[in-house]
1. Considering only segment 5-16, I want to know if a residue exists there that is charged (D, E, K, R), part of a helix (DSSP H, G or I), under 30 Å from GLY166 (Cβ atoms) and touching a helix residue (DSSP H, G or I) at 6+ places or on another chain (Cβ under 7 Å).
2. Residues in segment 46-59 that are under 14 Å from VAL141 (Cα atoms) and crowded, with 16+ Cβ neighbours inside 10 Å: how many?
3. Looking at ALA107, ALA153, ALA132, ALA145, can you tell me which residue is without any contact (Cβ under 8 Å) to a residue 40 or more places away in the chain and among the small types (Gly, Ala, Ser)?
4. Going by the structure shown, is LYS139 on the phi < 0 side of the Ramachandran plot and in contact (Cβ under 8 Å) with a residue 40 or more places away in the chain?
5. Hey, does segment 95-108 have a residue that's surrounded by fewer than 16 Cβ atoms within 10 Å (Cβ to Cβ), under 13 Å from the mean Cα position of the chain (by Cα), at pLDDT below 95 and under 26 Å from ARG10 (Cβ atoms)?
6. Of these, VAL42, VAL141, which one is under 28 Å from ALA14 (Cβ atoms) and of a type in the set (A, V, I, L, M, F, W, C)?
7. Restricting to segment 131-147, name every residue that is assigned to a loop (DSSP other than H, G, I, E, B) and surrounded by fewer than 18 Cβ atoms within 10 Å (Cβ to Cβ).
8. Surrounded by fewer than 19 Cβ atoms within 10 Å (Cβ to Cβ), among the aliphatic types (A, V, I, L, M) and in a helix (DSSP H, G or I): is that true of LEU150 in this structure?
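The values are calculated or read from the model by the stated rules, or taken from the named source; none is laboratory data. Bear in mind the structure is a predicted one, so any value in this text is a computation, not a measurement. Don't worry about glycine lacking a Cβ; one is built from the backbone with ideal geometry, like all the others, and counts go over all protein chains shown.
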Amino acid sequence: MPKAIRLFVRYVDAVNYWVGRFAMYLFFVLGGVLIYATLSRVLAGIPVNWALEMSQFLLSAYYLLGGAYSMQLNGHVRMDLLYANLPPRKRAMTDAITILFVIFYLAVLLAGGVSATDYAITYQQRNYSSWAPLLWPIKVVMTIAIFLMLLQAISTFFKDVAEARGKPIV
């Protein structure tokens, strides 16, 4: 593989590694929000109206930002009917073909994410609830996460092609 592709793979993998590791800690923030809301309601008798939506936003950021890292670690589920019996190079060839569908899907999803984020920023879109938070921050996070997932899918494609050719990118 050309040096530019190897650099692309190395940098995308590095960025998604660190973003994924960061996303892991969002789970602790989520736990803190839920514990605070529970203690506030049970001990003080004061319900917190923002906790449910904040926990939904945190969970969305957690799994979307962790998606590219999960792909990097081969943590996604595969339909393993015939795949497991294939030799490694044929598996890589199969992966290289099927990842193209994922790339197409993520590109369409990214276009929708950019459009939705632009709308949320332009019109100061708010959620319909008593807290009524602005939606653009979570939509920005979601769009960035989709973009990182798209980059990771392209990186995976390059790694699969290299593996299918018998010259893996290390």
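1. Kept after step one, since they are charged (D, E, K, R), are these residues of segment 5-16: 6, 10, 13.
Then drop every residue that is not part of a helix (DSSP H, G or I), which leaves 6, 10, 13.
Now restrict to residues that are under 30 Å from GLY166 (Cβ atoms): 6, 10, 13.
Remaining after also requiring touching a helix residue (DSSP H, G or I) at 6+ places or on another chain (Cβ under 7 Å): 13.
Yes: segment 5-16 contains one or more residues that are charged (D, E, K, R), part of a helix (DSSP H, G or I), under 30 Å from GLY166 (Cβ atoms) and touching a helix residue (DSSP H, G or I) at 6+ places or on another chain (Cβ under 7 Å).
2. If we filter segment 46-59 for residues that are under 14 Å from VAL141 (Cα atoms), which is where we start, we get 54, 56-59.
Those left that are additionally crowded, with 16+ Cβ neighbours inside 10 Å: 54, 57-58.
Summing the residues that are under 14 Å from VAL141 (Cα atoms) and crowded, with 16+ Cβ neighbours inside 10 Å in segment 46-59 gives 3.
3. On the way: ALA107 fails: without any contact (Cβ under 8 Å) to a residue 40 or more places away in the chain; ALA153 fails: without any contact (Cβ under 8 Å) to a residue 40 or more places away in the chain; ALA145 fails: without any contact (Cβ under 8 Å) to a residue 40 or more places away in the chain.
Going through ALA107, ALA153, ALA132, ALA145 in turn, the sole match is ALA132.
4. Details: on the phi < 0 side of the Ramachandran plot: yes; in contact (Cβ under 8 Å) with a residue 40 or more places away in the chain: no.
So LYS139 does not fit the description; no.
5. Looking through segment 95-108, none of the residues is surrounded by fewer than 16 Cβ atoms within 10 Å (Cβ to Cβ), under 13 Å from the mean Cα position of the chain (by Cα), at pLDDT below 95 and under 26 Å from ARG10 (Cβ atoms).
6. VAL141
7. If we filter segment 131-147 for residues that are assigned to a loop (DSSP other than H, G, I, E, B), which is where we start, we get 131-133, 135.
Those that are assigned to a loop (DSSP other than H, G, I, E, B) and surrounded by fewer than 18 Cβ atoms within 10 Å (Cβ to Cβ): TRP131, ALA132, PRO133.
8. On the way: surrounded by fewer than 19 Cβ atoms within 10 Å (Cβ to Cβ): no; among the aliphatic types (A, V, I, L, M): yes; in a helix (DSSP H, G or I): yes.
So LEU150 fails the test.
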